[in-house]
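> Handing you this structure, nothing more for now.
Here, each number is a calculation from the coordinates, and none is a lab measurement. All values reported here derive from a predicted model rather than from experimental measurement. We place every Cβ from the backbone using ideal geometry, glycine too, and count neighbours over all the protein chains shown.
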Amino acid sequence: MAAPKKGRGSTGGQGRPGRALALILIAMVALTGGMFLSGHTTPRLGIDLAGGTSITLKAKSQPGKPEAINETNMNTAVSIIERRVNGLGVSEAEVQTQGASNIIVNIPKGTNSKQAREQVGTTAQLYFRPVLTVTGGEPTPEGSASPSPSGSGKPSATPSAKASDPETASDSKATPSASATTQGRAVTGALKKDTTPTPSASAPGAAETPAATETPDAATAALEKKFTALNCTDEAARAKAGDGVKPEDPTVACSSEGDAKYLLGPAEVSGTDVDDAKAQFDQQRGIWLVSMEFTDKGSKKFQTITKKLSTQQSPQNQFAISLDGEVVSAPQVNETLSGSAEISGSFTQQSAEDLANVLSYGALPLSFSEDTVTTVTAALGGEQLEAGLIAGAIGLALVVIYLVAYYRGLAFIALLSLLASGVLTYTIMALLGPAIGFALNLPAVCGAIVAIGITADSFIVYFERIRDEIREGRTLRPAVERAWPRARRTILVSDFVSFLAAAVLFLVTVGKVQGFAFTLGLTTLLDVVVVFLFTKPVMTLMARTKFFASGHPWSGLDPKRLGAKPPLRRSRRVNVRTDHPKEA
């Protein structure tokens, strides 16, 4: 006797629905446990719900470049600013143009908005300049020694031997009054090293050779006077220190903290010459450092400047990384470098990441000024969130009423499935906050509300297929399995269309609309998971109970109420033969 063949109804687990249920229950427990273990038990809220900061940046006209403010440059600036903000770990930030010359940056509450504002507002070009002189941030007292830069803007100190030990160079101090954040950092790790011999400190007369000096011209005298009078402890003076200076001219600048001021030579390398920069932790030395990669053009420039600086004495063996007229770092050069380098020294993780972010995204095609800065309170957002939750509750209540009134006992299975979908959605959203920076904004809440209807629609498709099978005269258990293949195709096609729409919307839009698209796509995927791993197995188990299998009037599967046909039965043809006795 041949073994019975497995029918297609076995797919989905008519015989073993417990496996699918166990899988999804394990996933729910794991996600819930991960949520509590991570400490993030609620989803992060966007700026429209939790409040935050809105910054308006206005593009400034560049001297000699009247056509610089155009659509291409504005879009490039938006892309760079967005990467700079995201590089700080600020999520759900909105960066978009407004009009022809404005950029709006919205930073949600709960992130380091002060740090983000500093980097967003710092939108000038990034330059690497050689350090000529560095002193304390306060104005130089009358009668004290004053700097004497050469007319060419080049260091005028006698060359000395370059540091042979990077660690020793890292611990050295530029000057007693130099900024703590720019001292003790060294640049090492070249891909290519220049082999040109450099003067040695031990050469005869090297230490006694007087510095070469030139008679300062009017421009040099004015720069010297400006440097002497500069007060970097004054925030207003610090912000205006480098205004109107061309890259090819020497300039004065302050440290970011204002406790040191610099006299800098012409820019040797620009921010556009930096290909990439990353903050890394060196396990062997136990320190944080910043690694840099240069473009081909930038590599040649960097090799030229480091070759010069590596032969100088401190502080003239330093180059200043200048952004918007402020020195964000001034590391010492230990050797001739090109291609790549690393900056090491007194970095914390935060300062290393900040510097890497500036190096990666510092160069903008335009300069900007903060036009307005507005703080958005969470009060309005709280009201919007409350209104959205009320709308969601009303929608869910209407769905429940409809399911109970029309499907009766089947509504119990639908509500359990909605509950499973809700648990998965909530826990995943809570975990996506710290994982990828997902923040729940008002459109995202709307997407979650729309998902209630999409999920309920999948249940209805399956239930109606089962009822159609019962109308054909089949009993419940075979009806459940025969209805599944047809319902499965319909559900997959419907969810694919919804997911495709969400994906397209996410790719072609920006800002808050992306939140709606992301939530819609996520809940659509979860709908497939819930229907396949929860609704179908539960329906299979319920079909084995007497309440549903007997077609109870409150089960929602009553054959009489559905107008079912008589049970399908095979009829047998019986041939009756009647023999009549012959008459005598």
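> Assuming R0 = 25 Å, what is the FRET efficiency of E464 and F547, from their Cβ-Cβ distance, to the nearest 0.05?
On the way: r = 20 Å, r/R0 = 0.80.
In this case the efficiency is close to 0.80.
> Can you flag which of K58/K297; K60/K307; K246/K308 are past 28 Å Cα-Cα?
Numbers: K58/K297 31 Å; K60/K307 36 Å; K246/K308 22 Å.
From the list (K58/K297; K60/K307; K246/K308), the Cα-Cα distance tops 28 Å for K58/K297; K60/K307.
> What residues have an amide H closer than 5 Å to that of N334, excluding those fewer than 5 places away on the same chain, when H is modeled at 1.01 Å from N in the peptide plane?
Placed amide hydrogens put V187 under 5 Å from N334.
> Quick one: if you stick a label point 7 Å off each Cα along the C-beta vector at Q98 and L500, how many nm between them?
3.8 nm
> How much length would be gained if the chain were fully extended between K300 and L419, taking 0.36 nm per residue of separation minus their Cα-Cα distance, in nm to one decimal? Present the calculation step by step, with values, prior to reporting the outcome.
Values: separation 119, 0.36 × 119 = 42.84 nm, distance 6.22 nm.
Contour length minus the Cα-Cα distance gives 36.6 nm.
> A279: net charge of surrounding residues, Cβ under 13 Å, Lys/Arg +1, Asp/Glu -1, itself excluded? Mind dumping the intermediate values first?
Details: positive: K278; negative: D276, D282, E342, E353, D354.
Local charge sum for A279: -4.
> Multiplying the sequence separation of L525 and A221 by 0.36 nm and subtracting their Cα-Cα distance, what value in nm do you get? Kindly include the intermediate steps, with their values, before the conclusion.
Details: separation 304, 0.36 × 304 = 109.44 nm, distance 6.96 nm.
Full-extension gain reported as 102.5 nm.
> For Q313 and D243, what is the calculated FRET efficiency with R₀ set at 22 Å and r taken between the beta-carbons, to the nearest 0.05?
On the way: r = 31 Å, r/R0 = 1.39.
Here the calculated transfer efficiency is 0.10.
> If I take R0 = 25 Å and measure r between the Cβ atoms of E235 and N73 in this structure, what FRET efficiency does the formula 1/(1 + (r/R0)^6) give, to the nearest 0.05? Intermediate results must be reported in sequence, preceding the final value.
Values: r = 29 Å, r/R0 = 1.16.
Working from the Cβ atoms, E equals 0.30.
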